Amino acid sequence: MGDAQEPNGKPGEPRLNRRERIYQWFDRRTGIGSLMHEALDEPIPGGARWAYVFGSVLLFLFISQTITGVFLSLYYAPTADHAHTTVAYIVKEVTGGSFLRSLHAYGSSAVVIVLLLHLTQTFLYGAYKGRREVLWISGCALLGLMLAMAFTGYLLPWDQKAYFATTVGTNMASEVPLIGSTLKRLMRGGNEMGTLTLSRFFVAHVFLLPGAILGLIAAHVYLFRKAGAAGPPSEDPIKPRLPTERFYPRQVLMDTAVALLMICVLGLLSHFSPTDLGPQANPADTQYVPRPEWFYLPVFQWLKYFKGSLAVVGIVVIPTLTAILITALPFIDRRLERRPWRRPFAVGIYLAILATLITFGWLSRHEDRLDPAIAKQVAKQTEETEQFMREPFEPEAAASSLSAPVVVVLDPLAAAGKKIYESESCDACHGENGVGTSAAPKLSGATAQRSPEELAKLLRHPTEKMLAGEMKPVDVPEDDLKALVAYIKSLK
Ligand code: HEC
């Protein structure tokens with residue numbers, strides 16, 4: 001290398017071979033040597049251990065989620081019309097598409113599991129003690145962001161399960177005092193769930209949250225390195241005394257081994273038990289029993305105990321207090337004692353929380369099995385999902401183009417009536433464009449043949465049968481009623 005500024009072989013300096021010279025050239029320009037030293041030579045008091053692998057495995061999973069996510073987004077379109085079709089295309093047509101989607105879906109569960117293990121290890125080892133408050137808080141923020149990733153990702157396939165679970169999830173936001181309904185509308189991009197909701201969730205899932213997570217991971221690793229590895233529970237968290245071992249090679253090898261094991265488990269699961277996709281979301285379906293992803297089941301069960309005016313306690317007050325308690329842990333527990341058997345109170349609370357979560361999750365499944373109506377509906381939903389998975393891919397969503405008669409554009413009065421039909425939530429029972437659902441008959445046939453007077457009277461004074469079907473008397477100004485009737489008449 002003819003580098004005039006750096007003549008090789010100054011007197012007293014050892015002669016470098018070609019490889020060393022290239023390395024030195026690069027190092028002088030990039031500082032790669034001190035970077036590698038910084039990354040790999042971190043001293044670990046007491047030496048490498050399997051207990052320390054979880055942080056690295058999480059980092060690995062995040063990278064894996066990013067890669068699979070990028071490939072999925074090559075095919076995905078975040079609109080109510082196309083989201084489900086594009087995911088069906090990934091699952092049924094794209095080579096390796098189902099495998100890829102399953103890797104991403106199982107990967108998200110793996111993140112939650114490994115996060116819990118990481119948290120458990122940090123907690124039991126008292127590794128948050130000794131000037132590690134900010135490090136702990138950054139970890140809590142990462143936990144929150146990961147849960148938000150799982151929540152936003154769940155909606156994207158836009159199948160029945162996704163749609164109804166997210167309806168429940170976003171409805172919960174309206175329990176927040178004062179800003180609740182604004183918050184809900186902010187998440188949904190309106191009052192109802194639709195394309196705006198999907199694009200908001202998509203943007204959060206692929207841009208905002210990953211960006212924030214990336215920044216926080218950097219901060220978390222930096223803060224960890226700044227505080228230094230805490231070592232085993234017997235170690236002083238501020239001034240370690242045990243002999244140290246460097247991060248490379250043994251700890252790196254352990255981390256890599258567990259990451260490889262993780263790939264194998266995710267790969268086997270994705271191959272032998274691919275994640276399924278249900279039929280496209282049908283907002284008019286009033287029978288659907290929504291159930292969240294397994295790790296949200298304890299929360300779901302918990303909320304059953306807080307109905308009506310108590311809801312705000314279960315949804316807002318207690319979760320907020322818990323989050324504050326967990327985040328503030330290093331400020332509350334200031335003793336430097338790290339050995340778990342010397343911290344019975346802290347460890348007891350931790351185990352109690354864990355046991356509660358597991359019990360609630362189990363109870364949720366158990367109650368579903370005990371209630372025959374729910375068990376039957378859940379079985380029906382599973383059957384519908386299996387049915388959909390067996391069907392060949394159909395290029396355009398059958399549900400939206402076949403079952404809804406295309407209403408050719410209406411006269412202005414009927415068009416105004418259509419708006420009222422939707423704002424009065426008639427479509428919740430009678431379906432979009434009055435096609436009918438399992439909850440109420442279609443309006444497009446015989447009903448539309450009735451005279452305007454008769455229809456107006458029916459709407460103001462519903463029959464016994466309509467009342468029994470929970471249809472309320474229509475309570476709108478006279479002009480709006482005329483428009484509504486004109487709209488129903490236009491459906492014939
Ligand atoms: C909670 C569900 C529900 C909602 C919301 C609802 N309906 Fe109904 N509606 C029913 C049921 C159930 C019946 C049929 C009862 C029967 O005859 O079996 C019905 C019947 C009707 C009929 C009579 C159909 C016929 O030919 O006998 C009309 C018209 C009608 N609804 C219009 C509306 C309009 C307009 C709205 C919105 C303002 C609305 N409904 C909202 C449940 C609902």
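Cross-link reach is defined here as a Cα-Cα straight distance under 20 Å, omitting same-chain residues fewer than 8 places apart; for LYS184 the aspartates and glutamates meeting it are GLU175, GLU192, GLU422, GLU424. Taking the C-alpha atoms only, the angle from helix 160-173 to the longest principal axis of the chain is near 80 degrees. Accessible-area rank, largest first, for CYS429, CYS140: CYS429, CYS140, with all protein chains present and a 1.4 angstrom probe.
Kirkwood radius for the stretch 405-489, taken over all pairs of different Cα atoms as the inverse mean of 1/r, rounds to 12.8 Å. The 3J(HN,Hα) values that the Karplus relation (6.51, -1.76, 1.60; θ = phi - 60°) gives for the stretch 377-390 are, in residue order, 5, 4, 4, 5, 5, 4, 4, 5, 5, 5, 4, 4, 5, 6 Hz. Gly and Pro appear as x. By the rule of a C-alpha distance below 24 Å, with chain neighbours fewer than 8 residues away ignored, the lysines paired with LYS129 are LYS226, LYS239. In terms of accessible area, using a 1.4 Å probe and ignoring ligands and nucleic acids, THR86, THR197, THR286 rank largest first as THR286, THR86, THR197. Please report the carbon-and-sulfur percent of the accessible area for the stretch 1-133; probe 1.4 Å, protein heavy atoms only, DNA, RNA and ligands left out. Of the solvent-accessible surface of the stretch 1-133, carbon and sulfur hold 63 percent. Projecting the Cα atoms of SER181, LEU61, ALA162 onto the dipole axis of the chain, where Lys and Arg carry +1 and Asp and Glu carry -1 at the beta carbon, places LEU61 farthest toward the positive end. For the stretch 219-270, the share of alpha carbon pairs falling in successive 10 Å distance bins from zero is 20, 35, 29, 14, 2 percent. For ILE44, the residues whose modelled amide H falls within less than 5 Å of its own, excluding neighbours fewer than 5 places apart on the same chain, are GLU245, ARG246, PHE247. Derived value for the stretch 31-129: Kirkwood hydrodynamic radius 16.4 Å. Basis is the mean of 1/r over every pair of different alpha-carbon atoms. For LYS129, LYS418, LYS380, the ranking by accessible surface with the largest value first comes to LYS380, LYS418, LYS129, using a 1.4 Å probe. The residues of the stretch 405-489 have, on average, 61 Å² of accessible surface per residue, using a 1.4 Å probe with all protein chains present. When the Cα gyration tensor is reduced to axis lengths a ≥ b ≥ c, the ratio a/c is 1.5 or higher for the stretch 75-117, and with a/b not above b/c it is classed as oblate. In this structure, the pairs whose alpha-carbon distance is over 27 Å, taken from LYS418/LYS465; LYS418/LYS472; LYS92/LYS442; LYS161/LYS307, are LYS92/LYS442.
In this structure, the amide hydrogen of VAL474, modeled 1.01 Å from its nitrogen in the peptide plane, lies closer than 5 angstrom to those of ARG460, counting only residues at least 5 positions away or on a different chain.
Helix 83-92 axis versus longest C-alpha principal axis of the chain: approximately 60°, rounded to the nearest ten.
Accessible surface for LEU325 stands near 100 Å², nearest 10, in the context of the full protein assembly shown (1.4 Å probe). Computed over the chain, the convex hull of the alpha-carbon atoms projects to a mean area of 33.1 nm². Across the stretch 261-266, computed HN-Hα scalar couplings (Karplus, 6.51 cos²θ - 1.76 cosθ + 1.60, θ = phi - 60°) run 4, 4, 4, 4, 4, 4 Hz from first to last residue, x flagging Gly and Pro. To the nearest 10, the accessible area of GLU394 is 100 Å² with a 1.4 Å probe.
The values are calculated or read from the model by the stated rules, or taken from the named source; none is laboratory data. Quick caveat, the model's predicted, so the values are computed rather than measured. All Cβ positions, glycine included, derive from the backbone under ideal geometry; neighbour counts span all protein chains shown. Only protein heavy atoms, including side chains, enter the accessible area calculation; ligands, DNA and RNA are left aside. Shrake-Rupley method; radii C 1.70, N 1.55, O 1.52, S 1.80 Å.
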